[in-house]
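Let me begin by presenting the structure, written as structure tokens, before commenting on it.
The values are calculated or read from the model by the stated rules, or taken from the named source; none is laboratory data. Predicted model, so just to flag it, every value in this text is computed and none were measured. Please note: Cβ atoms are built from the backbone with ideal geometry, for glycine as well, and neighbour counts cover all protein chains shown.
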Amino acid sequence: MREDLTKINNHNYSLEKLFSDAKDFLPLLGTDYVEFYVGNAKQAAHFYKTALGFQSLAYAGLETGLTDRTSYVVVQDKIRLMFTTPMPGSKGEIYNHIEKHGDGVKVIALWVEDATSAWKETTSRGAESYLEPTTQEDKNGKVVKSGIKIYGDTVHVFIERKDYKGTFMPGFEKWNSHYNPTSVGLKYIDHMVANVGWGEMNKWEKFYNETMGFANLITFDDKDISTQYTALMSKVMTNGNGRVKFPINEPAEGLKKSQIEEYLDFYNGPGCQHIAVATDDIVSTVSQMKERGIEFLYVPGTYYDTVLDRVGDIAEDIKILKKHGILVDRDDEGYLLQIFTKPLTDRPTLFFEIIQRKGAQSFGKGNFKALFESIEAEQARRGTL
Ligand code: FE2
């Protein structure tokens, strides 16, 4: 991965250079799973299976002896999503999260070799503990978990599963379903974006840098990310091997309300704004998701009048990209194709990005303007611009 990330948007961003002071004190193997606290886990899991092509993986609830919550886990290639709803035995934490935030991401779980060391290294550098190292066992082996708090009510849980052979984790049973809709070709989580409050981007950059050993790969200021009306700023943080990337957004002053401010209002504070998932065939993925009911942001047809002047030759038929509203951008290493869903929740908070990288390792800076104008049009329809 290191050599994949040497140049971004014409800058020489070398991971070697970013991480020159040697030892990575928090080696991450990737994203393990993402857990959402939701009002109805059973229905959320059904939606993600039906509309986004996930398959049933694991279940925990009354039948497995769990009385305070019900969790369903779905999977698509390397992506695992968990949906959790409180049950009457719950002490209120999950209820409170849902009341305050609506359905949203609670846990961004990171896969590690050693969850005890991950907890010690991060908490000794100032991270607040969420879960002390805890071992869970069943007949398939053991999993060690630990966790720290991050922005808002969101947390990272470190998962050590090298001694586990079961389906998911101790406490879960395999979820066998007769309903198994096909995959839409989603492969892995490319990045997950945080929205934080006014003036807090640098605080969270410092947090990821100092307590987790991440580096700032790239910064977008309000001139990079603004339209006639609204603006935001963003810093992309990456871990040492480039497998885990967290852009952090904060609102910036504009004539009208920034989309980040709208998010903060509806989520009642900082949280995860979008999950970008990679595919090898964005046209096929997006057409299947549309057929299954997912709505994507609308891009003005005029975008396609000039896009090829900006990005040069691409293998895809521009007419097909235009039909679906798929955006294109290029950097020194290649190009990328991307598209954004409308919010998947009732509140205008969480959405998904579908991304296909054809060499490019950047984040679609050339599309920001068209994209944000499209988001503004949606804000105007909601009366929140
Ligand atoms: Fe993104």
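What residue, of G141, G147, G65, is crowded, with 23+ Cβ neighbours inside 10 Å and over 22 Å from A276 (Cβ atoms)? Full working, then the answer.
Working: G141 fails: crowded, with 23+ Cβ neighbours inside 10 Å; G65 fails: crowded, with 23+ Cβ neighbours inside 10 Å.
Unique residue meeting the criteria: G147.
Can I260 be described as within 16 Å of the ligand (Cβ to nearest atom) and part of a strand (DSSP E or B)? Spelling it out, it is not the case that I260 is within 16 Å of the ligand (Cβ to nearest atom) and part of a strand (DSSP E or B).
Return the total of residues in the range 295-313 being modelled with pLDDT under 95 and part of a loop (DSSP other than H, G, I, E, B).
Of the range 295-313, the ones modelled with pLDDT under 95 are 297-313.
Of the ones still in play, those that are also part of a loop (DSSP other than H, G, I, E, B) are 297-302, 312-313.
Within the range 295-313, residues that are modelled with pLDDT under 95 and part of a loop (DSSP other than H, G, I, E, B) number 8.
Might you check whether a residue that is within 26 Å of Y263 (Cα to Cα), within 16 Å of the ligand (Cβ to nearest atom), under 18 Å from the mean Cα position of the chain (by Cα) and surrounded by 16 or more Cβ atoms within 10 Å (Cβ to Cβ) occurs anywhere in the range 297-312? So far as the range 297-312 goes, yes, one or more of its residues are within 26 Å of Y263 (Cα to Cα), within 16 Å of the ligand (Cβ to nearest atom), under 18 Å from the mean Cα position of the chain (by Cα) and surrounded by 16 or more Cβ atoms within 10 Å (Cβ to Cβ). In the condition set (1) more than 16 Å from the ligand (Cβ to nearest atom); (2) of a type outside the set (S, T, Y); (3) touching a residue at least 60 places away in the same chain (Cβ under 8 Å), K165 is compliant with all but (3). At positive phi and surrounded by 15 or more Cβ atoms within 10 Å (Cβ to Cβ): is that true of G325 in this structure? For G325, the condition - at positive phi and surrounded by 15 or more Cβ atoms within 10 Å (Cβ to Cβ) - is met. Considering the range 184-212 alone, what residues qualify as being under 30 Å from T285 (Cα atoms) and surrounded by fewer than 16 Cβ atoms within 10 Å (Cβ to Cβ)? Across the range 184-212, the qualifying residue is only Y188.
Run down V277, V236, V286 and say which single residue is of a type outside the set (F, W, Y), assigned by TED's automatic domain parsing to the domain that holds L321, touching a Pro at 6+ places or on another chain (Cβ under 9 Å) and within 16 Å of the ligand (Cβ to nearest atom).
Numbers: V277 fails: touching a Pro at 6+ places or on another chain (Cβ under 9 Å); V286 fails: touching a Pro at 6+ places or on another chain (Cβ under 9 Å).
After applying the criteria, what remains is V236.
State whether the residues of the range 270-282 include one that is surrounded by fewer than 19 Cβ atoms within 10 Å (Cβ to Cβ), outside any strand (DSSP E or B), touching a Gly at 6+ places or on another chain (Cβ under 6 Å) and among the acidic types (D, E). The answer is yes; a qualifying residue exists.
Could you please find all residues in the range 192-232 being among the charged types (D, E, K, R) and either in a loop (DSSP other than H, G, I, E, B) or within 16 Å of the ligand (Cβ to nearest atom) (or both)?
Kept after step one, since they are among the charged types (D, E, K, R), are these residues of the range 192-232: 200, 203, 205-206, 210, 221-224.
Residues satisfying the conditions are E200, D221, D222, K223, D224.
Of the residues in the range 235-242, at least one is touching a residue at least 24 places away in the same chain (Cβ under 8 Å) and surrounded by fewer than 20 Cβ atoms within 10 Å (Cβ to Cβ).
Checking the structure you have, find out if any residue of the range 357-373 is among the basic types (K, R) and more than 19 Å from K187 (Cα to Cα).
So the first thing to find is which residues in the range 357-373 are among the basic types (K, R), and the list is 357-358, 365, 369.
The next check asks that each one be more than 19 Å from K187 (Cα to Cα); those that pass are 365, 369.
Yes, some residue in the range 357-373 is among the basic types (K, R) and more than 19 Å from K187 (Cα to Cα).
Cβ-Cβ contacts under 8 Å between residues 6 or more apart (or on different chains), taken from a first residue in the range 336-360 that is under 21 Å from K257 (Cα atoms) and more than 10 Å from the ligand (Cβ to nearest atom) to a second residue that is in a loop (DSSP other than H, G, I, E, B) and polar (S, T, N, Q), are listed as P343/T349; P348/T384.
F368 passes every criterion in (1) within 14 Å of the ligand (Cβ to nearest atom); (2) in contact with a Leu (Cβ under 6 Å, 6 or more places away or on another chain) apart from (2).
Number of residues in the range 234-252 that are in contact with a helix residue (DSSP H, G or I) (Cβ under 6 Å, 6 or more places away or on another chain) and more than 24 Å from G30 (Cβ to Cβ) equals 2. Determine if the range 284-294 includes at least one residue that is assigned to a loop (DSSP other than H, G, I, E, B), at negative phi and touching a strand residue (DSSP E or B) at 6+ places or on another chain (Cβ under 9 Å). Looking for residues that are assigned to a loop (DSSP other than H, G, I, E, B), at negative phi and touching a strand residue (DSSP E or B) at 6+ places or on another chain (Cβ under 9 Å), one finds at least one in the range 284-294, hence yes. Can you pull out every residue in the range 86-106 that is in contact (Cβ under 8 Å) with a residue 40 or more places away in the chain and of a type in the set (D, E, K, R)? Once the filter is applied, which keeps residues that are in contact (Cβ under 8 Å) with a residue 40 or more places away in the chain and of a type in the set (D, E, K, R), the range 86-106 yields K100, D103, K106.
For every residue, the table says whether it meets (1) modelled with pLDDT of 95 or more; (2) farther than 21 Å from I189 by Cβ; (3) out of contact with any helix residue (DSSP H, G or I) (no Cβ under 9 Å at 6 or more places or on another chain).
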position: N216; (1), (2), (3): no, no, no
position: D222; (1), (2), (3): no, yes, yes
position: Q228; (1), (2), (3): no, yes, no
position: G254; (1), (2), (3): no, yes, yes
position: E262; (1), (2), (3): no, yes, no
position: D265; (1), (2), (3): yes, yes, yes
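Scanning the range 328-373 for residues that are surrounded by fewer than 19 Cβ atoms within 10 Å (Cβ to Cβ), in contact with a Lys or Arg (Cβ under 6 Å, 6 or more places away or on another chain) and part of a strand (DSSP E or B) gives a single hit, G334.
Cβ-Cβ contacts under 7 Å between residues 6 or more apart (or on different chains), taken from a first residue in the range 120-131 that is assigned by TED's automatic domain parsing to the domain that holds I159 to a second residue that is β-branched (V, I, T) and part of a strand (DSSP E or B), are listed as T122/I148; T123/I148; A127/I148; E128/I148; S129/I148; Y130/I148; Y130/V155; L131/V157.
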